Structure formats: C-alpha cells, structure tokens
Amino acid sequence: DAKTTQPNSMESNEEEPVHLPCNHSTISGTDYIHWYRQLPSQGPEYVIHGLTSNVNNRMASLAIAEDRKSSTLILHRATLRDAAVYYCILRADGSGNTGKLIFGQGTTLQVKP
Amino acid sequence: NAGVMQNPRHLVRRRGQEARLRCSPMKGHSHVYWYRQLPEEGLKFMVYLQKENIIDESGMPKERFSAEFPKEGPSILRIQQVVRGDSAAYFCASSPLERSDKGDEQFFGPGTRLTVL
C-alpha cells in the first residue's frame, strides 16, 4: 500500500479555517485518497474521499494536487469538536482490493477557543 | 438506521482467560473489518470478513486470535488465553456490499476496550 506523510500535529483557532496537508508521492492511478478522523475515545469517522477532482461535503473539502502527489483537507471553520487525529489514507480500487485501511500516525489537530 | 454496534464496550479479563468481542454491522452491510489500537499507537488492520468467509487475515496474530462472521448474528473476534499485551481498543467497521471495491467509506463502531489484568 502506498505511504502517506502528514505533520504530527497542528493548531488552529476556533472559527478559523484549517488546512491539513498530506503527501503521497508514490500514489498509483487507482488509489483513492481517503480522510478519516478519530475524536478522543471514539472510533474513527469517515470525513471525505476523492480520486482526482476536488471534493466538497458537509464536513470538509478535499483539494487534490494536479499530479495527485499531495492533497489538503480543508475544514472551513474549525470548532472545538473538530479536535481529533486526522488520517490521510490511500485505498486502491480494483477487484483485488480488500478495502482494508492502512492508518499512519495522522495529524493531531488542536483547536483553541 | 442504527450504526455499527460493538459489545461489550469495556471488557476486563485475567491472563489466560478468553475474550469474545462482538460486532453488529450496519443494516445491509455484508463486509466487516476489525482493527486494533494499542495504547499510544495507531490503528492496525487485523482481519476482513464477508458473511461466512474470511477474506483477508493478514493482520491477525498467528496464534490465539480468530474471527468469524456467521450467516446469522454478529461478527465475533475471539482471543484465547489473553496476555497483558492484548490490552487495547478493538474497533470493527462495516461497509456495504455493492460498493466495497469503489473506495467507499467504512463505518466504525465505538470500540471495545479490553483490559487484561
């Protein structure tokens, strides 16, 4: 599975936008870029995913570089509830894919009031 | 639609006992994944099951651990003769049958926190 690199930690102020970067220089053409987050003492929660085009949903936006070697998760207005560990994960498509998620260390986001 | 359910939420066992962790996937989901999170560590994939079949067990320890997902009832992760190093949070996730190979999301349960004394 292709590897991702994220900063260990980031800080943000409440109600400000947050840009969480992820590098995945060895991404293959069939790899989807997934983001999950894990709030303290909870199970992971899906945030967003994309393949080539930028994506928006009610939780966040995903900006994917043109060469797909990096992506950025954007939280438009951080709230205290967004304090969590954010994981950037590559998942291969295709009939041989078992769909398992390979979690790295993620980025621990702190949100200050 | 109820989410993924896991029970018990907390489980305490003494060394040498057996631990049984249960996971009920979301309604209509036929794919179940188990992950383990050791203290102060990241989440690690353990096993992937479809109804009555183990598809990928590449992350399962070779001994003492087993998993099943019967035709009826929840998925079970079973740990025999537990040791202190098994203390961890165990999460299961489910995904729908028809989109599991399209990069779709997994829905996680709240986890079972196993403590081995």
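Please verify whether A:S71 is open to solvent by less than 30 Å² (accessible area, probe 1.4 Å), within 14 Å of chain B (Cβ to nearest Cβ), of a type in the set (S, T, N, Q) and more than 16 Å from B:D104 (Cα to Cα), treating the condition exactly as stated. In short, yes. Quick check, is A:L109 more than 14 Å from chain B (Cβ to nearest Cβ) and either touching a Ser or Thr at 6+ places or on another chain (Cβ under 8 Å) or open to solvent by 20 Å² or more (accessible area, probe 1.4 Å) (or both)? The answer is yes for A:L109.
Every condition in (1) surrounded by 13 or more Cβ atoms within 10 Å (Cβ to Cβ); (2) within 27 Å of B:V32 (Cβ to Cβ) is met by A:D82 except one, and the failing one is (2). Are any residues in segment A:16-30 over 21 Å from A:R81 (Cα atoms) and open to solvent by less than 10 Å² (accessible area, probe 1.4 Å), and if so, which ones? Passing the criteria: A:C22, A:H24.
Each residue in segment B:99-111 was checked for being at pLDDT 90 or above and either open to solvent by 10 Å² or more (accessible area, probe 1.4 Å) or among the hydrophobic types (A, V, I, L, M, F, W, C) (or both), and 3 of them qualify. Applying the set (1) in contact (Cβ under 8 Å) with a residue 60 or more places away in the chain; (2) out of contact with any Lys or Arg (no Cβ under 7 Å at 6 or more places or on another chain) to A:R81 leaves exactly one unmet item: (1). Count of segment A:85-96 residues, restricted to those that are modelled with pLDDT under 95 and either of a type in the set (F, W, Y) or open to solvent by less than 40 Å² (accessible area, probe 1.4 Å) (or both), is 5. Can you find even one residue in segment A:16-29 that is among the charged types (D, E, K, R) and farther than 27 Å from B:G59 by Cβ? Yes, segment A:16-29 has at least one match.
Strands (runs of 3 or more DSSP E) fully within segment B:17-98 that include at least 2 residues being open to solvent by 50 Å² or more (accessible area, probe 1.4 Å) and either β-branched (V, I, T) or more than 11 Å from chain A (Cβ to nearest Cβ) (or both): B:19-24, B:53-56.
The values are calculated or read from the model by the stated rules, or taken from the named source; none is laboratory data. Everything quoted here is computed from the prediction, not taken from an experiment. Heads up, the Cβs are rebuilt from the backbone with ideal geometry, glycines too, and the neighbour counts pull from every protein chain shown. Just the protein is used for accessible areas: all its heavy atoms, side chains included, with ligands, DNA and RNA removed. Shrake-Rupley method; radii C 1.70, N 1.55, O 1.52, S 1.80 Å.
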